[in-house]
Amino acid sequence: MDKLDFDDRDLKEEEKRLYEEYKRKLAELKKVQKEKEAVGQVFTKGLLPIYVLYILSLGPTNGNEVSHKIGERTNGLWVPSTGGIYPILKKFEKQGFIEGNWDDPHKKFQKIYTLTETGYKELDNKKELLKGRIEESLEVFKIVYKDLYK
């Protein structure tokens, strides 16, 4: 009987140890995921809105094409999801930076977005505001890259 009690205690301690290890590893995975998301947010939160305005300054297009054109211009290194593009387009439309019109008003298949005068001004304003920040970021990336990989 004593042997059985001892084994039950050992089993419970091992279960507790494994559960604590599981919680620690799960926390590490969540931290890694958050770090990946933070790196991605530099692009999606910081650069994507201004780049959407830029792409639309090249000519009217739809949301899928905005994503495709960004992919083309970055040689496939950055292809934002349309799930990230459409909320930006909707926001810009509400702000008057772009105007969206259905290619066929009756079928409403796809919306074609055009930059407005206000949108051109906003693009110029954002470019001016972000230029220094982007240049600083490039310098930081160069230093970090050099330190880590050379």
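Remarks
- Whichever residue in segment 78-110 is surrounded by 13 or more Cβ atoms within 10 Å (Cβ to Cβ) and among the polar types (S, T, N, Q) and, among such residues, is nearest to G59 (Cα to Cα): Q110
- Qualifying residue in segment 134-143 (condition: modelled with pLDDT of 85 or more, charged (D, E, K, R) and surrounded by 12 or more Cβ atoms within 10 Å (Cβ to Cβ)): no
- Cβ-Cβ under 6 Å pairs, at least 6 apart or on other chains, segment 47-62 side over 11 Å from L123 (Cβ atoms), far side not in a loop (DSSP other than H, G, I, E, B): P60/I112; P60/T114; N62/I112
- When each of L129, L148, L123 is tested for being touching a residue at least 24 places away in the same chain (Cβ under 8 Å) and either surrounded by 10 or more Cβ atoms within 10 Å (Cβ to Cβ) or part of a helix (DSSP H, G or I) (or both), the lone residue that passes is L123.
- Some residue of segment 61-71 being in a helix (DSSP H, G or I), modelled with pLDDT under 85, surrounded by 10 or more Cβ atoms within 10 Å (Cβ to Cβ) and of a type in the set (D, E): no
The values are calculated or read from the model by the stated rules, or taken from the named source; none is laboratory data. Predicted model, so just to flag it, every value in this text is computed and none were measured. Here the Cβ is made from the backbone with ideal geometry for all residues, glycine too, and neighbour counts use every protein chain on show.
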